[in-house]
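In what follows, a structure is listed as structure tokens, so that the remarks can point back to it.
The values are calculated or read from the model by the stated rules, or taken from the named source; none is laboratory data. Since the structure is predicted, the reported quantities are computational estimates derived from the model, not experimental observations. Quick reminder, even Gly has a Cβ in these numbers, built from the backbone with ideal geometry, and neighbours come from all protein chains shown.
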Amino acid sequence: MLFELSEKKIDIQAVSDKLANNEAGAFVSFEGRVRNHNEGKSVLRLDYEAYPELAIKEAEKVMAEAKEQFPIIDAICVHRTGALEIGDIAVWVGVLSRHRGEAFDACRYIIDQIKSRVPIWKKEFYADNSSVWVNCAACSHDHGRKSKSATVEKVSHRSEGKK
Amino acid sequence: MAKKTIQVNYFAILREKRGVSSEQCETEADFIAQFYKELNDKYDFPEIPLRVAKNNEFCRWDEDIHDGDVLVFIPPVAGG
């Protein structure tokens, strides 16, 4: 089981070749690619940024969970960082197993969990010259940011459960 | 209350808004949420939900902080 961050283009053949075992009857792979649109806007390119120590740690947990939950032989995930163009592969997942059922299931699990848990962010650059960190648009309603009570409210939410 | 030096590493939107990727902060705060409030009062971070990691582990906002700890406030992730 392996997770890597890569600043360079992912060598699909090289990483697939690492998943080899004569007991395996199935190999499933997933490529997350940069597409040219998101939420109705035309995307020109993306930047990916990772918090490397924690991204690797959390992604390795995901890989271990996949090995635990699905009877697979091995799996690899490689995630890009840096500037990507339309069509580039941002993330690659490969799974090797005896039978295809668990390979498909584990592959889906790995990409779903990586996307929801691992500290990696992407910035989209649009055709109208704007750019946005995906999922990081500020709340549209007014929090009364400058008022002390709003700040206290936000902190007390964060300090719920103080021992 | 003892003064502590905390390292804060910033990524993505927080790195852009704060203008640095890392800084050392002096604080007398006892726990993370308290320390965050001090920083937020000074720097007015974007109003987005954040998680927090201490010394490269996800942790709770009510955890204690100690001299030499490394904190990262984690914006909503968007990998894949």
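Here are the numbers:
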quantity	calculated
Within chain B, strands (runs of 3 or more DSSP E) holding 2 or more residues that are crowded, with 17+ Cβ neighbours inside 10 Å	B:4-9, B:51-54, B:70-74
Region A:35-47 - residue that is within 11 Å of chain B (Cβ to nearest Cβ) and at pLDDT 95 or above and, of those, surrounded by the most Cβ atoms within 10 Å (Cβ to Cβ)	A:46
Region B:49-80, residues that are at pLDDT below 95 and closer than 17 Å to residue B:9 by Cβ	none
Failed item in (1) surrounded by fewer than 16 Cβ atoms within 10 Å (Cβ to Cβ); (2) farther than 30 Å from residue B:73 by Cβ, with residue A:28 passing the rest	(1)
Residue match in region A:55-64 (condition: within 23 Å of residue A:22 (Cα to Cα) and in contact (Cβ under 8 Å) with a residue 12 or more places away in the chain)	yes
Helices (runs of 4 or more DSSP H) within region A:1-117 that include 3 or more residues under 30 Å from residue B:16 (Cβ atoms)	A:52-69, A:100-117
Per-region count, region A:13-45, residues touching a Cys at 6+ places or on another chain (Cβ under 6 Å) and of a type outside the set (Val, Ile, Thr)	1
Unique residue being small (Gly, Ala, Ser), modelled with pLDDT of 95 or more and farther than 20 Å from residue B:76 by Cα when the list is A:20, A:50, A:59, A:55	A:20
